[in-house]
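Bear in mind these aren't lab numbers, they're just calculated from the coordinates by the rules spelled out. On a predicted model such as this, the values are computed, not experimentally measured, just so you know. Positions of Cβ are backbone-derived with ideal geometry, glycine not excepted, and every protein chain shown enters the neighbour counts.
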């Protein structure tokens, strides 16, 4: 109990915004009251306060589903989902707006972490579907991404993950493609581009770029970039009509990570530039260019090989760029002052 009270201030990052129909801590009127605003929006519809969902622990119920309108009185427990044991907690997370409700993963003590949704009320917080847990353990849902009227997510199943989607109903929560049983087969980093969902996964031939249109037949390997091993694509970023990412391939500097881009076709999946410094991190669009760190130095590109240039030889690693007030901010070491702003 003492530990539970000590954890009372441990609150997750507020991840989702939903407009309530009235002031204070009253329950919303359901999916119809959702304005469709995203996290960080300025306010609710009709002057109503915006409601944010979060995971929090009050010292009694464990880590459960809460909502807040930014006031103490309006910060309330939505539902104690896991009542199997005092203070057990359902550990909700991944809050994502879809089709007039908020979807998230949680465990009720009977089922492991599964797909839930809420309209902001106790009665309207329900299990969508119990997807079988991993053998001998708990399943893990993550990567919630909306595309073409469906919510996609990855489900951990034993030795690997499967790609699922839902329309918000139990019957409409279905497997798209199974990658289970394959080492490193974790479809994640979902990114929407040109009407399809792109991600990295492994079907036994190495971790490469995949895409899906929501069907099993339409879930395909885009290109085997590294025929020797895995290309481990990451950092998918849409820029100037193409999808950019980091991938490992055989270039002029041997096997190393470089900057790649794709138009969604195998032929159009090409290396943007053979950067001998190696490694690409922190892909960020800013002022009509794509900025990134390579070889721990600051680079930018306009999408062409000639327009991919070293901006400054400075140790910008780890590369976490944030735009603010017309400039791009990051941490870097100039060799004299250590890591600074």
The range 269-341: relative contact order as a whole-number percent, Cα under 8 Å and 6+ apart: 21 percent
Calculated log₁₀ intensity ratio I(q)/I(0) where the Debye formula runs over C-alpha points of the range 186-322, q = 0.09, 0.13, 0.20, 0.21 Å⁻¹: -0.24, -0.51, -1.19, -1.30
Estimated translational D of the range 280-341 in µm²/s (Stokes, Kirkwood radius over Cα pairs; 25 °C; 0.890 mPa s): 209 µm²/s
Pairwise label distance in nanometres, residue 99 with residue 140, each label 7 Å out on the Cα-Cβ vector: 2.7 nm
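Quick check: residue separation of residue 325 and residue 304 times 0.36 nm, minus the Cα distance between them. What number comes out in nm? Display every interim value, and only then the final one.
On the way: separation 21, 0.36 × 21 = 7.56 nm, distance 2.74 nm.
Working it through step by step, the gained length comes to 4.8 nm.
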Separation of the residue 77 and residue 265 label points, Cα + 7 Å toward Cβ, nm: 5.8 nm
Over the range 47-153, relative contact order from alpha-carbon pairs under 8 Å, at least 6 apart, %: 17 percent
Residue list for the range 92-106, given a label point 7 angstrom along the Cα-to-Cβ vector of residue 192 and an amide N cut-off under 13 Å: 97-100
The range 75-155 shape via C-alpha gyration tensor axes, a/c threshold 1.5: oblate
